[in-house]
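Reading through the structure tokens given below for one structure.
The values are calculated or read from the model by the stated rules, or taken from the named source; none is laboratory data. Since we're looking at a predicted model, the values are computed, not measured. In this analysis, Cβ positions are derived from the backbone assuming ideal geometry, glycine residues included, and neighbour counts consider all displayed protein chains. Side chains are part of the model used for accessible areas, which takes the heavy atoms of the whole protein and leaves out ligands, DNA and RNA. Shrake-Rupley method; radii C 1.70, N 1.55, O 1.52, S 1.80 Å.
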Amino acid sequence: MKRNPARLLIVDDEFSMRDSLAAWFQEDGHDVVAAESAEQALRTLDDHRFDVALLDIKMPGIDGVELLERVRVIDPAIRVIMITAYATVETAVRCLKHGAFDYITKPVDPDELTRLVARALEDKQHSEGVTPAPPPSPEPERRVERERGVADAIIGESPAILHTLELIRQVAATDATVLIRGESGTGKELIARAVHRESPRRYFSLISVNCGALPESLLESELFGHEKGAFTGALYRRKGKLELADGGTIFLDEVATLTPKSQVDLLRVLETHELNRLGGHETIKVDFRVVCATNEDLEALVADKRFREDLYYRLNVFTIEAPPLRNRVSDIPLLAEHFLRRAAPTVGRNLTGFSPEALERLCAHTWPGNVRELANAVERAAIVAAGPRVELHDLPPLNGGGHPAAQGSLEDVERQHIQRVLDEHDGNITRSARALEVDRATLYNKIKKYELRR
Amino acid sequence: MIRLVPFMLGAHEALVGPVVACLERTFGERVEVRDPGFDPAAALDERRGQYDSRRFLRLLLDDAHDAPRVLGMTGVDLFIPVLTFVFGEAQLGGRAAVVSTFRLRSEPYGIVSPPERLLERAMKEALHELGHTHGLVHCDLADCVMRSSTYVEDIDAKPARFCVDCARGVAPPGAASA
Ligand SMILES: Nc1ncnc2c1ncn2[C@@H]1O[C@H](COP(=O)(O)OP(=O)(O)OP(=O)(O)O)[C@@H](O)[C@H]1O
Ligand SMILES: [Mg+2]
Ligand SMILES: [Zn+2]
Ligand SMILES: [Zn+2]
């Protein structure tokens, strides 16, 4: 579905050039008229109006430069883009002085061409005071939501989760930066997706970046993109995630793990909404909404000077707390049923539910790994259960009362536990993360935090 | 019926089977695989060292004059005269489309991605170009394979399926509609 078809005029004497340009923009849903000479273009302009014209500079008869001047007299509002071969860039620059909107050197990168025409259209609409067409009615969106609803639904009826849902609803309608906080496995990513899905930006992409998963240099290229040849092995140019999020939402997960350099670079983009690809000179304007998440104590990191205060204030505009599962025990039966249904295709059969004893045990556990831990426990039970329902003995061992087995603070216990699991798996991150039921990025962060051995 | 014509795919030949399965599932039509009856070298532009995708479309149309729809699948680098490259091309509302796996690989972009990513991208490009032959233009929804992609990351960001509206556009005539 296309919201904003435009009227384009393409003038080039070379058939293959004209034809391929026309085809390219027709696929975007634009109305395209192609002319093989300036003379033909001028006749077309007698009874047609266009938003953007693409003019080849070198044509027999009236050339592109002269055509530009005539077109501007006929219709000063039209945005004109000149097409030039490398040899005539100087002429193209001269065209800018005569009111051309911009020029391209053929052959041009697909992205550049598309972006340039989009900019020209935007520019025209702005000057005409036309606001871009409003987003389509919410009807098709609800369909999308129903389709993905199953995977992304936030399950729960406890006061704590209802409060969270209310916050999501409130902030989604605005363009405010959202900071989602909460322990590991509480559903922060789910909340981020809900914010995007219910926002006016839902028609564009939600792009996720796990700030803790990559070393600094890779993360920078991931965020900002790079030009061809920016480093060894960069054979093509590449768009960064911030650019891909244009129009949509960027989700910065594990935002507390950003290195000092990345913090500075990110702050600059958030302030200016402009960026440069690595090895690039062109400044690219981007329009995205920021949602970020952390399970760390950002204030402590700021006090420690490990997280920039200015970045902290820029991110900490509207906070949503993802409640730990132990604070919403009443949701455990609902969630457990939900995960049991979700496991049915994997285990190849439908279990009817839980025995009262099994449910009681689930509700008594403190779930340090929160909803993720519960989901894993239920999935494992579903695999071993003989059916028709899940019995107490199907559940994996859970520490009923939830008293930490070892002495010392919760952090001590966590440190010792992670170290033991790492040792058991010879320092293999993937396998240890699986055993701990956290994702790899979380494990990396813990290793960094506790300075553990691998 | 869709005819799929693989040519100069090299090591990417293995993608043909899964792409066929994906097309059959999505379009609900039989896909027949045929060797090309033309010399692909005819589309080579010596100066650019790339292949003209529009010439491929013409070769495919002639070659498959008896097929209602034809998709060429190749491993060589495609371009249209005005652009440095294209992932693929199609006749809007026509019979022929062509896709290339050349720029779908991760390595030249300095991206690390799992091996199945290449296949996902090839499927999405095949669906997308065939969508154009059904007359579909680019879709603004992030959740639709008809969203325009000029970068391989754009392809990764969209799903291998049509949104509800676009799906209606590719449904075979006479298919049940609400
Ligand atoms: N309220 C909920 N309803 C349904 N599923 C949930 C809910 N909360 C969390 N989950 C599920 O629990 C798992 C973990 O959630 P998620 O990845 O969003 O947690 P997180 O807070 O981002 O964790 P981490 O800090 O470790 O990255 C996911 O499979 C998610 O679908
Ligand atoms: Mg997370
Ligand atoms: Zn397309
Ligand atoms: Zn669509």
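Might you let me know whether segment A:141-152 holds any residue that is acidic (D, E), away from ligand 4 (no atom under 16 Å from the Cβ) and at pLDDT below 90? Steps first, please.
First, the residues of segment A:141-152 that are acidic (D, E): A:141, A:145, A:147, A:152.
Restricting the remaining residues to those that are away from ligand 4 (no atom under 16 Å from the Cβ) gives A:152.
From what is left, the residues that are at pLDDT below 90 are A:152.
Yes, segment A:141-152 contains at least one residue that is acidic (D, E), away from ligand 4 (no atom under 16 Å from the Cβ) and at pLDDT below 90.
Touching an Asp or Glu at 6+ places or on another chain (Cβ under 7 Å), over 14 Å from A:R289 (Cβ atoms) and surrounded by fewer than 19 Cβ atoms within 10 Å (Cβ to Cβ), is that true of A:K261? Full working, then the answer.
Numbers: touching an Asp or Glu at 6+ places or on another chain (Cβ under 7 Å): yes; over 14 Å from A:R289 (Cβ atoms): yes; surrounded by fewer than 19 Cβ atoms within 10 Å (Cβ to Cβ): yes.
Yes; evaluated as a whole, the condition is true for this residue.
Which of the residues spanning segment A:73-98 are touching a strand residue (DSSP E or B) at 6+ places or on another chain (Cβ under 7 Å) and not hydrophobic (A, V, I, L, M, F, W, C)?
Answer for segment A:73-98, where residues must be touching a strand residue (DSSP E or B) at 6+ places or on another chain (Cβ under 7 Å) and not hydrophobic (A, V, I, L, M, F, W, C): A:R79, A:T84, A:Y86, A:T91.
If you go through segment B:80-96 one residue at a time, do you hit one that is closer than 25 Å to A:R238 by Cβ, among the hydroxyl-bearing types (S, T, Y) and modelled with pLDDT of 95 or more?
no
When you go through (1) at pLDDT 95 or above; (2) part of a loop (DSSP other than H, G, I, E, B); (3) within 14 Å of chain B (Cβ to nearest Cβ) one by one for A:F251, which number turns out not to apply?
The number of the failed condition is (2).
Can you spot a residue in segment A:286-309 that is open to solvent by less than 50 Å² (accessible area, probe 1.4 Å) and either aromatic (F, W, Y) or within 16 Å of ligand 4 (Cβ to nearest atom) (or both)?
Yes.
Only one of (1) at the interface with chain A (Cβ under 9 Å from one of its Cβ atoms); (2) within 18 Å of the chain's Cα centre (by Cα); (3) more than 25 Å from A:K241 (Cα to Cα) is not met by B:P81, so which one is it?
Here B:P81 clears every test but (2).
Can we say A:G212 is in a loop (DSSP other than H, G, I, E, B), within 30 Å of A:V108 (Cβ to Cβ) and open to solvent by less than 60 Å² (accessible area, probe 1.4 Å)? Spell out how you get there, then give the answer.
On the way: in a loop (DSSP other than H, G, I, E, B): yes; within 30 Å of A:V108 (Cβ to Cβ): no; open to solvent by less than 60 Å² (accessible area, probe 1.4 Å): yes.
In short, no.
Output the residue which, of all residues in segment B:123-141 that are at the interface with chain A (Cβ under 7 Å from one of its Cβ atoms) and either open to solvent by 20 Å² or more (accessible area, probe 1.4 Å) or under 22 Å from B:V16 (Cα atoms) (or both), is nearest to ligand 1 (Cβ to nearest atom).
Going through segment B:123-141, the residues at the interface with chain A (Cβ under 7 Å from one of its Cβ atoms) turn out to be B:132, B:137-141.
After this cut, where a residue has to be either open to solvent by 20 Å² or more (accessible area, probe 1.4 Å) or under 22 Å from B:V16 (Cα atoms) (or both) as well, the list is B:132, B:137, B:140.
Values: B:H132: 35, B:V137: 35, B:D140: 27 Å.
Here the answer is B:D140.
Tally time: how many residues in segment B:123-145 are more than 14 Å from the chain's Cα centre (by Cα), more than 9 Å from ligand 3 (Cβ to nearest atom) and farther than 13 Å from B:A167 by Cβ?
Within segment B:123-145, residues that are more than 14 Å from the chain's Cα centre (by Cα), more than 9 Å from ligand 3 (Cβ to nearest atom) and farther than 13 Å from B:A167 by Cβ number 3.
Consider only pairs whose beta carbons are under 7 Å apart and that are at least six residues apart or on different chains; among these, list those whose first residue lies in segment A:144-173 and is in a loop (DSSP other than H, G, I, E, B) and whose second residue is open to solvent by 30 Å² or more (accessible area, probe 1.4 Å) and modelled with pLDDT of 85 or more.
Sorted first by the residue in segment A:144-173, then by its partner, the pairs are A:I154/A:L165; A:I154/A:L190; A:I155/A:L334; A:G156/A:L334; A:E157/A:L334; A:S158/A:S330.
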